[in-house]
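The structure under discussion appears below in the form of structure tokens.
The values are calculated or read from the model by the stated rules, or taken from the named source; none is laboratory data. This one's a predicted model, so the numbers in the text were calculated from it and none came from an experiment. For neighbour counting, all protein chains shown are included, and Cβ atoms are generated from backbone atoms with ideal geometry for every residue, glycine included.
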Amino acid sequence: MNAIEAHGTYKVFGKRPAAGVARLKAGATREELREDGLTAAVIDASFEVREGEIFVVMGLSGSGKSTLIRMVNGLWAPTAGELTVCGEDIVKMNDKQLRTARREKVSMVFQHFALLPHRTVGENAAYGLQLKGVNRAERERSATEALAMVGLEGWEGSLPEQLSGGMRQRVGLARALAAGTDIMLMDEAFSALDPLIKREMQDQLVELQSKLGKTILFITHDLNEAMRLGDRIAMMRDGRIVQNGTAEEILNEPANEFVAQFVQDVDRTRVLTARSVMTIPAAGDGRLLGQPVAGTVAAVDADTRLSEVLGACADCEGDLAVVDSRRRLVGVLSRATLLQALGQLAADAAHDASADPASDTTPMEVTAR
Amino acid sequence: MSAVEFVNVPRIPVGDWFEGVFDWVTANLEWLFDAFSTVIDVAVEGLVTALDAPGAVLMALIFALLALLVSGWRIAAVALVGLLLVIGMDQWATAMETLALVLVSTVVAVVIGIPLGVLAARSDRTSKVVRPALDLMQTMPAFVWLVPVVFLFGIGYVPGVVATIIFAVAPGVRLTELGIRNVDAEVVEAAQAFGATPRQTLFGVQLPLAMPTIMAGINQVIMLALSMAVIAGLVGARGLGGEVTAAIATGDLGLAFEAGLAVVILAVYLDRVTAALGQGGHLGRFRRKAKSDVGEVAADENQPDGSEDLVTASDVHTKIGA
């Protein structure tokens, strides 16, 4: 089952928003609506987030991604379309049902942490449980546990103002974890942190995720972050989802010029995996496929990033075996293939850069905020 | 010659209308005003008795001790000197009457003002109605209020309290609204995102975070209430206002000055003590300091290698202290 599903979801702000949706469906543009004082924040969004994956919504400011995430926990009600969370229709819920859904199913991490400054770190982490009506002993235990998970043992008694930015966001993360929901919404959660701390937090999130298997909807304007974290990525622009796929799909088959321009600066060797460039031996060698590979043979995991394969390839005399998680052969990677792939990447990048940016593809600043 | 000069604006009987409304109110709501009147009278008289009970010097010491706890020894010392001066000027009993009047007015104004401010913060429509009403109450000369108030409540403490409330309630409402509207929207959103009810958001997040602003509002309510003390004297409330009124009637310059000085001393005392309460006070600072000792190397995380520019515990303390 999908944890979150959206079908043709719209959000229009202003007077008589439903009329705005009708006009959008009839082909009106976002700008035409704006002239009448309506803001089309999200237009015809359809996507699903599978259980246990990190789904990243990537877009620049004003692309509607923050509105999108706030519809998932009902902070904004969709103007039109369907939106289900854990199979339940969020659109039809009344206030009380929404509150229950937020307490039981969906927690959230905020860009500027949004901690309660007058409460201690421990009380902040326990906030969700307190709202649920969990007794003090129980929630203190859960909060301590969640704080330990994010590396903040012993900070329960401090106030948020005594913590650095990175630590405060760990408290934000612990608050969401302690709530014990299956789904976590993360709204630009690491965007306010400086680069080193940001990197640390990303690694920590990936590590936590491998243990906990939450469903995470992550919003960011940072493409590198999207590529690092996302099992799948939705690219948003001007309120619409323009492409939806894995990082590799978005890099290799950008849906339009906008996405292509956007991804051209990404270091592809850090995104593409051995699997995407390996050759699959045919004929005689083909019968080896699926066979276990001896420990003495130089091998790399199929999901290894190309940037890490390079070293292994340089150390190895002949071809590299590409194996799956149980060390069974799935393909072969020779130096020649690897160099060819890298050469192709460089050529693609050069081509993208020289491509004439059509005027309608760059009305928005491509520089990150 | 323009046509404008020939337009004849008819006499608009606003005053008659107001009298009509007032007559209706007197005829139909008298029981309500009587009840209110009784409650206020009992409250003020009771408070006067309580403030007089320990005797002047002991009471002055108690006030000074309160200032010491809330805002420190300097203000406590100044307060003690000022209050002893009030005793020396033979104005202690009247000062306590004025204090009782101010405190009761403030309590009523706060009880009305804070909920009204909360409502105004939550709905733009309420805010739009409340704002001009407050403007009217604050800018209409206080003497004008005295006429209907005396009609309704007679002579004594009660009309003084009512006129004072009308004049002093505004900053309580306004600063409550301001404080709640200025609470970080993301924090309020976070409360909602974790499933807080509107009530839980109000009492758990908005009111605590707006508290410094609300306290500043209460401080202003008290100051305005005190500034009405003399006018209250005109309608028969005893206290320092009564002294001033009597002094005006008899041309007693010395008495007027002494009573006026006592008002100033009360004002300074109340202002400093409530302002300190608003900033979390002396006690609050003690508590925060104790907590900061728990977490010493907070900012360390920004130095991942930990080798250079180590942030020391004292740095952290200065940051927190600031």
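One table, with the values for the structure above:
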| item | result |
| --- | --- |
| Only listed residue being at pLDDT below 95, buried (at least 21 other Cβ atoms within 10 Å of the Cβ), more than 14 Å from chain A (Cβ to nearest Cβ) and within 20 Å of the chain's Cα centre (by Cα), chosen from B:Ala267, B:Ala232, B:Ala259, B:Ala216 | B:Ala232 |
| Test: residue in region A:249-269 that is out of contact with any helix residue (DSSP H, G or I) (no Cβ under 7 Å at 6 or more places or on another chain), surrounded by fewer than 22 Cβ atoms within 10 Å (Cβ to Cβ) and within 20 Å of A:Ala6 (Cβ to Cβ) | yes |
| Within region A:156-185, considering residues that are facing another protein chain (nearest Cβ under 8 Å) and touching a Gly at 6+ places or on another chain (Cβ under 7 Å), the one farthest from A:Ala126 (Cα to Cα) | A:Gln162 |
| Any hit, region A:71-78, residues being β-branched (Val, Ile, Thr), surrounded by 19 or more Cβ atoms within 10 Å (Cβ to Cβ), farther than 30 Å from A:Gly157 by Cα and within 13 Å of chain B (Cβ to nearest Cβ) | yes |
| Helices (runs of 4 or more DSSP H) wholly inside region B:123-212 containing at least 1 residues that are more than 13 Å from chain A (Cβ to nearest Cβ) and touching a residue at least 24 places away in the same chain (Cβ under 8 Å) | B:124-139, B:142-153, B:157-181 |
| Selected residue (only one of B:Ser71, B:Ser105, B:Ser123 is within 18 Å of B:Ile166 (Cα to Cα) and modelled with pLDDT under 95) | B:Ser105 |
| Region A:299-316 residues that are outside the structural domain of A:Val330 (by TED's automatic domain parsing), paired with ones that are of a type in the set (Lys, Arg) and surrounded by fewer than 18 Cβ atoms within 10 Å (Cβ to Cβ) (beta carbon under 6 Å, 6 or more apart) | none |
| Test result for A:Thr84, more than 19 Å from A:Leu152 (Cβ to Cβ), facing chain B (nearest Cβ under 8 Å) and not small (Gly, Ala, Ser) | no |
| Positions within region A:101-145 being part of a loop (DSSP other than H, G, I, E, B) and within 9 Å of chain B (Cβ to nearest Cβ), in sequence order | A:Phe110, A:Gln111, A:His112, A:Phe113, A:Ala114, A:Leu115, A:Leu116, A:Pro117, A:His118, A:Arg119, A:Thr120 |
| Residues of region A:286-342 that turn out to be β-branched (Val, Ile, Thr), closer than 22 Å to A:Val266 by Cβ and in contact with an Asp or Glu (Cβ under 7 Å, 6 or more places away or on another chain), as a count | 0 |
| Selected residue (only one of A:Val171, A:Val150 is within 14 Å of A:Leu115 (Cα to Cα), in the same structural domain as A:Ile54 (by TED's automatic domain parsing) and surrounded by 21 or more Cβ atoms within 10 Å (Cβ to Cβ)) | A:Val171 |
| Elements of type strands (runs of 3 or more DSSP E) in region A:1-65, at least 2 residues being surrounded by 14 or more Cβ atoms within 10 Å (Cβ to Cβ), modelled with pLDDT of 90 or more and of a type outside the set (A, V, I, L, M) | A:2-13, A:39-50 |
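Every residue, every condition in (1) of a type in the set (S, T, N, Q); (2) within 23 Å of B:Ala163 (Cβ to Cβ), yes or no:
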| residue | (1), (2) |
| --- | --- |
| B:Leu209 | no, no |
| B:Leu224 | no, yes |
| B:Ser227 | yes, yes |
| B:Glu243 | no, yes |
| B:Val263 | no, yes |
| B:Leu266 | no, yes |
